[in-house]
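Encoded as structure tokens, the structure appears first; notes follow it.
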Amino acid sequence: MKPILKFIACFCTISIAMVVMSSFFEGSSAKPRFSFPYKKAGLNDRQAAAHLLSRFTYGATPGQVDEVVNIGLEKWFQQQLDANIADDSLNLLLADYDAINMTNTEVAKTFLNNGQVFRMAIKEGKVDKDSVNKADKKEYREFVQAYMKEKGLRPQQELYRQFINQKILRAANTNNQLQEVLTDFWFNHFNVSITKNDCAEYIPAYERDVIRPNANGNFETLLLATAKSPAMLMYLDNFTSAGENTKEMMPQQRKKIEQKMTEALGDSAVKKIKANKKNQGLNENYAREVMELHTLGVDGGYTQQDVTQAARVLTGWTLYPFTEYGIGSAMKKVIEKIGEDKLVQRGFVHEGDFMFAINRHDNGEKVVLGKKFPADGGYEEGVDLLKMLAQHPSTAKFISKKLAVRFVNDNPSPVLIDKMAKTFTDKKGDIKEVMITMATAPEFWNKDALREKTKSPFELAISSVRSLNATVRQPQQLNNWITKMGQKLYYYQAPTGYPDRGQYWINTGSLLNRMNFGLALASQKIPGITFNLAALNSNHEPESAEAALTVYGKLLMPERNLDETVKRLTPLLNDPNLIKKVNDAADKSAPPVEATAAMQSGDMMMEATDGKDQPKDKFRKKANGKNNSTMDMQSYAGNTTMLSQVVGIIIGSPEYQRK
């Protein structure tokens, strides 16, 4: 090759490489195309960074305000939207949780309930169905446990424990905080509940494969994915919904399928299936909720007629049977007997754990929200319906308002909602774009938004361990407190999900539990959670309890004016019964205590006890009534220090409950 040609070839190669490298690094190094108007709201860089961290993470970790300022506020937000930050430390923490990575098929084969285990044992000839008295709970339980051990099966409670633990560990440790916050938001929006046994075992895969990957993606994609999930199909009963006129529409196909079912299952089993009312007829549950709760909103312009018609469109949407002993086991045998290829030729659709059963579909004409769905539409008309709902103007407004309620304040400005809804429509449901519109709006930064959201019990617990830089080795212990404070994770029964307004979470009893949590946590009386309070202040010991209140107040609630908070909390430091309250807060057997008038007025002081066993110490009031708390920060007794009590009071304070 001639020198000039070699030069040209080399130059082109280098140029191409530079272009490729430039595009590769563009996401992490390019300057964001948006800016935050926080200076117009009178905020400095650190105050703005603290606000971003309070809304788009589960709470700032020590020094994180400085990190965000150094990175650049807009760049940090873009990184959080992209959710591509390595999470090696978190992955190590989750390595032992094998159940959270199982497919639905693996879960269904591994985590069986007692009834499924018993039927399995009967089929294998291990027991006669009448030989074990189910009324004798001990005998029945012992048999089931022994058989599970023999077969390597595991109790469903272990699945739920691993699943709840991983949520706590992710929220406390992930570097992709916004993705995890949005995962929580969307799971609550598309709520399913462990309380409904039929769907419970499929909830881990629902969050892992449906919610989290799409949390900051496209709303239409997210909606379709939830509609096809076994968890949602079972939770809102759409897996049972069938067209009322399928017999007349496709008699030959139905006759062939029923004949094959009879060959596979026997005549009596097929008759039982046909007679089961639950497995026949139209079910409107999902059609109603997908309009009222998932897309349009209760005032979105639909009617009961639209609900009925939409339910007809979605008949035949069910789950692909992946277990021999649970729901769908009969259909599993039919598929094995007939062959999936032949079923697909007849109009069946199989995608992962989802199946569209044409023999259960209402094939007549329907009209939803004025849109006509011609007869013989099959699976695609359901897809078209969900896309139409996802793109509807009412959906844009409804989703935008829910996001604004979660991230701005309980009563967001209509102007802000309109801005977000316009972006939702213009960008075809791009969640990232809607979030950018919200975060760059003046309404996000004004005084009506700053610290105007109340933490849920989960947010309080996670923000507390993050602010203390705590190591969580026993997530279940933290979950016990979250439940005690009023939020049982994944157990909310209604399809609405938990309300996202402060008035739902805050009342006299819940405030007391929150103060007790703060005292128990800060005193390291919650097993499996450890931290170093002194290290948070670079091992500098405050000169007094009042000084500690100021210093640690700033560490735990950065960039806030705490003058009134310190003034309100200082009297609590001199409570002679504080040690007993710390111990009672961590003692499960402690008798319930009532809130005092001081707590009801906002001081959140716990009811005083007699304190007769309290040790005498330097922090008691002197006989002359003067406070002697300016003495050194020595212990009351054992490992319970005044410093931990100060931090506990801060975590339980009204100011810390706000974000």
Taking the range 292-315 as the region of interest, how many residues are closer than 22 Å to Y379 by Cβ, without any contact (Cβ under 8 Å) to a residue 60 or more places away in the chain and under 29 Å from the mean Cα position of the chain (by Cα)? 1
The one condition P414 fails out of (1) over 23 Å from T221 (Cα atoms); (2) within 22 Å of the chain's Cα centre (by Cα) is (2)
Restricting attention to the range 422-435, does a residue exist that is crowded, with 19+ Cβ neighbours inside 10 Å and farther than 29 Å from A227 by Cα? no
Among the listed residues A86, A49, A60, which satisfies the condition of being part of a loop (DSSP other than H, G, I, E, B) and crowded, with 19+ Cβ neighbours inside 10 Å? A60
Is it true that N104 is surrounded by fewer than 19 Cβ atoms within 10 Å (Cβ to Cβ) and either touching a residue at least 24 places away in the same chain (Cβ under 8 Å) or in contact with a Pro (Cβ under 9 Å, 6 or more places away or on another chain) (or both)? no
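Yes/no matrix, rows are residues, columns are (1) touching a Phe, Trp or Tyr at 6+ places or on another chain (Cβ under 9 Å); (2) among the basic types (K, R); (3) modelled with pLDDT under 80:
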{"residue": "A200", "(1), (2), (3)": "yes, no, no"}
{"residue": "P204", "(1), (2), (3)": "yes, no, no"}
{"residue": "A231", "(1), (2), (3)": "yes, no, no"}
{"residue": "M234", "(1), (2), (3)": "yes, no, no"}
{"residue": "G243", "(1), (2), (3)": "no, no, no"}
{"residue": "Q259", "(1), (2), (3)": "no, no, yes"}
{"residue": "K271", "(1), (2), (3)": "no, yes, yes"}
Return the residue satisfying two criteria in turn: it lies in the range 360-402 and is part of a loop (DSSP other than H, G, I, E, B) and within 22 Å of Q304 (Cβ to Cβ), and of such residues it is modelled with the lowest pLDDT. G377
Condition broken by P393, with the remaining ones in (1) closer than 22 Å to N218 by Cβ; (2) crowded, with 19+ Cβ neighbours inside 10 Å satisfied: (2)
Filtering the range 356-397 for residues that are touching a Ser or Thr at 6+ places or on another chain (Cβ under 7 Å) and hydrophobic (A, V, I, L, M, F, W, C) leaves a count of 4
So, in the range 211-232, how many residues would count as being assigned to a helix (DSSP H, G or I) and under 23 Å from L112 (Cα atoms)? 4
Looking at this structure, is F373 closer than 14 Å to L314 by Cα and buried (at least 20 other Cβ atoms within 10 Å of the Cβ)? yes
Just a yes or no: is a residue in the range 467-475 without any contact (Cβ under 8 Å) to a residue 12 or more places away in the chain and assigned to a helix (DSSP H, G or I)? no
Checklist (1) within 30 Å of A441 (Cβ to Cβ); (2) more than 26 Å from the chain's Cα centre (by Cα) applied to M120, failing item: (1)
Among the helices (runs of 4 or more DSSP H) confined wholly to the range 476-586, which include 2 or more residues that are at pLDDT below 95 and in contact with a strand residue (DSSP E or B) (Cβ under 8 Å, 6 or more places away or on another chain)? 502-505, 508-522, 578-586
Looking at the structure I just gave you, is M485 under 23 Å from the mean Cα position of the chain (by Cα), among the aliphatic types (A, V, I, L, M) and either more than 22 Å from K554 (Cβ to Cβ) or crowded, with 17+ Cβ neighbours inside 10 Å (or both)? yes
So, first residue assigned by TED's automatic domain parsing to the domain that holds A172 in the range 513-542, second residue assigned to a helix (DSSP H, G or I), Cβ within less than 8 Å, six or more apart or across chains; the pairs are none
Can you pull out the residues in the range 536-554 that are within 31 Å of the chain's Cα centre (by Cα) and either surrounded by 18 or more Cβ atoms within 10 Å (Cβ to Cβ) or among the aromatic types (F, W, Y) (or both)? L536, Y552, G553
Kindly provide the set of residues from the range 137-186 that are farther than 14 Å from Y58 by Cβ, in contact (Cβ under 8 Å) with a residue 60 or more places away in the chain and assigned to a loop (DSSP other than H, G, I, E, B), ordered by number. none
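The values are calculated or read from the model by the stated rules, or taken from the named source; none is laboratory data. Everything numeric in this text was worked out from a predicted model, so none of it was measured. Backbone-built Cβ (ideal geometry, glycine too); neighbour counts: all protein chains shown.
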